[in-house]
Amino acid sequence: MQLDLNGKKAIVTGGSRGLCRSIAEALHDSGAEVVIVGHSEFTEKAAREMGISKPAVYAVTGNLENREALGEIFTECMKVLGGRVDILVNGAGTQFRSDAVDFPAEEWEKVLSLNLSTVFYLSQMAGKEMIKHKYGKIINIASMTSFFGSCRIPAYVASKGGVAQLTKALSNEWAPKGINVNAIAPGYMQTNMTKDIKEKFYAQYQEITSRIPAGRWGTGDDLKGLAVFLASDAASYISGAVIPIDGGYLGK
């Protein structure tokens, strides 16, 4: 079965909570051995909870914003996976809201570092290993804001626009080498990063919801099917795509 991930080995950054927790669960439920990478106590907790059933789920903790630490994190992932990685999901991300004229420089650097630079460096490390086997699936987490500018999140928008273009650039180089590089672009989702919109700006929340043809904000479960598909051999001829999951928002 082409959607079967049995025997595959996956790394999921940001997989301890939120949308990427759902993606990690979906890959695991489809048969993949999974390493969850994060920086908090939730990482090991998520691995224990998911690892109750086979295949194995591992936790690797480290600071994904630290360029020097990334090599150590990736080396540890490869060690627990037995020296091979078939699937990389670049899901770790952060957000900061501020008017552009007041946007703090340190927050700009933090958002761009984790949301874009880390995606490149981990893809680069995984890509080198995947090229050896002429096989690999890299799934980046882009955003609806990869397509439009939004307001009060300039660093986030810049980073997610970069993720979309990076996805295409890596695909151009690596598709001939057997590696599919794609991105999922979630729309308005119920996450910790967006809960303040409903709590503090309810009128805006209602306005956004009214524009979504599906009539609701998305959840992590809405990403599972596409994530498994892109990680599987069923998507072997799809590369360089940035695919929205937004309840129809972009089409309205």
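The numbers here are math on the coordinates, done by the rules we state, and not lab data. Predicted, not measured: the structure shown is a model, and the values here were computed from it. Cβ placement follows ideal geometry from the backbone for every residue including glycine, while neighbour counts extend to all protein chains displayed.
Points worth noting:
- Lys/Arg +1, Asp/Glu -1 at C-beta; the range 9-251 dipole; positive extreme among Y237, A203, S159: Y237
- Using the Cβ-Cβ distance between R211 and A234 with R0 set to 45 Å, the FRET efficiency works out to roughly 0.90.
- Exposure proxy ranking, count of Cβ atoms within 10 Å, fewest first, for E44, E25, E68: E68, E44, E25
- Degrees separating the helix 118-133 axis from the principal Cα axis of the chain, which is the longest one: 30 degrees
- Cα centre as origin, Lys/Arg/Asp/Glu Cβ charges: the chain dipole, Debye: 480 debye
- Tilt relative to the chain, helix 154-174 - C-alpha long axis, 0 to 90 degrees, to 10: 30 degrees
- Read-out percent of Cα pairs over 33 Å apart, derived from the coordinates shown; its label in (1) 32; (2) 15; (3) 22: (2)
- The mean sequence separation of alpha-carbon pairs under 8 Å and at least six residues apart, normalised by the residue count of the range 162-252, gives a relative contact order of 45 percent.
- Leading residue at positive end of dipole, the range 74-198 (Cβ point charges), from A126, G91, I141: A126
- Legend: ranking of residues K54, K224, K79, K168 from fewest to most surrounding C-beta atoms inside 10 Å; resulting order K54, K79, K168, K224.
- A DSSP coil position with no more than 16 other Cβ atoms inside 10 Å describes the following trypsin sites (Lys or Arg not before Pro) in the range 104-137: K134.
- Sites listed here are chymotrypsin sites (Phe, Trp or Tyr not before Pro) in the range 167-252 whose DSSP assignment is loop and whose Cβ has at most 11 other Cβ atoms within 10 Å: Y237.
- Computed about its Cα centre, the charge dipole of the range 75-121 is approximately 340 debye, with only Lys, Arg, Asp and Glu carrying charge at their Cβ.
- Percentage relative contact order, the chain, counting C-alpha pairs under 8 Å, at least six apart: 20 percent
- Among L226, L3, a tally of other beta-carbon atoms within 10 Å of each Cβ gives an order, fewest to most, of L3, L226.
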